[in-house]
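A short worksheet on the structure shown next.
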Amino acid sequence: DDGDVVVDVGAYLGVTSLTAAETAAKVYAIEPSPRAVLCLKANTTDVENIEVVQLAVSDTVTSTELQLGNRVADDSLITPDDGGSSGSVTVETTTVEELASRLGLDAIDFLKVEVEGLEPEVVSGVGDLSVEKIVSTGNAERYGETTYQDVAGILRDRGYAVDVDDEHSYDMVYAST
């Protein structure tokens, strides 16, 4: 919506960030993969209300190994669903709550989560932060298992109204306060 603060966790090449930037006041495009960040920055460089932040988001503040997929789209904090290239890079990991604090945000209007199987951890890392709307994928990217049911459960437990779409090519969770 107009004036929203959007956090795009797993921004990849920036498609969601670019779309959100058309109406949002500010978009934070969060992406840990150094390979994807190169393209993300190139794709968003002329868009003044997008800020690219190179971080991984999970449920802890630490550093960890980002496993490199055979394709950039499969880079993940867990074994890439394409089997991986056996390469990795060390990345800083934070939570949504800590990320918001770093960025000086009291709340997030819209949070998008698409993180190659770690969606439950990202949603758990929201903590006490006020997030009005959340959209998360939950495809079979966690060792071949889907995550959307776990994400939906976490959000329901936090008092969100939750809708699940598992009838299409992507398993999606839509939540709002």
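Annotations for the structure displayed:
- Just one of (1) touching an Asp or Glu at 6+ places or on another chain (Cβ under 7 Å); (2) buried (at least 18 other Cβ atoms within 10 Å of the Cβ); (3) outside any helix (DSSP H, G or I) fails for P32. It is (1).
- Just one residue in the set V61, V9 is surrounded by 21 or more Cβ atoms within 10 Å (Cβ to Cβ), of a type in the set (A, V, I, L, M, F, W, C), within 19 Å of V131 (Cβ to Cβ) and at pLDDT 95 or above; that residue is V9.
- When R35, R71 are checked against the criterion of being closer than 25 Å to A140 by Cβ, basic (K, R) and free of Cβ contacts under 8 Å to residues at least 40 places away in the same chain, a single residue qualifies: R71.
- Being surrounded by fewer than 21 Cβ atoms within 10 Å (Cβ to Cβ) and among the acidic types (D, E) is a property that E22 has.
- Filtered residues of region 129-160 (kept if within 13 Å of T177 (Cβ to Cβ) and among the acidic types (D, E)): E132
- In region 41-70, the qualifying residues are those that are outside any strand (DSSP E or B) and under 14 Å from the mean Cα position of the chain (by Cα), and the one that is farthest from L118 (Cα to Cα) is Q54.
- Screening V53 with (1) crowded, with 22+ Cβ neighbours inside 10 Å; (2) closer than 21 Å to L129 by Cα gives one miss only, at (1).
The values are calculated or read from the model by the stated rules, or taken from the named source; none is laboratory data. Remember, it's a predicted structure, so these values are computed and weren't measured experimentally. Cβ sites come from the backbone with ideal geometry, for glycine too, and all protein chains shown count toward neighbours.
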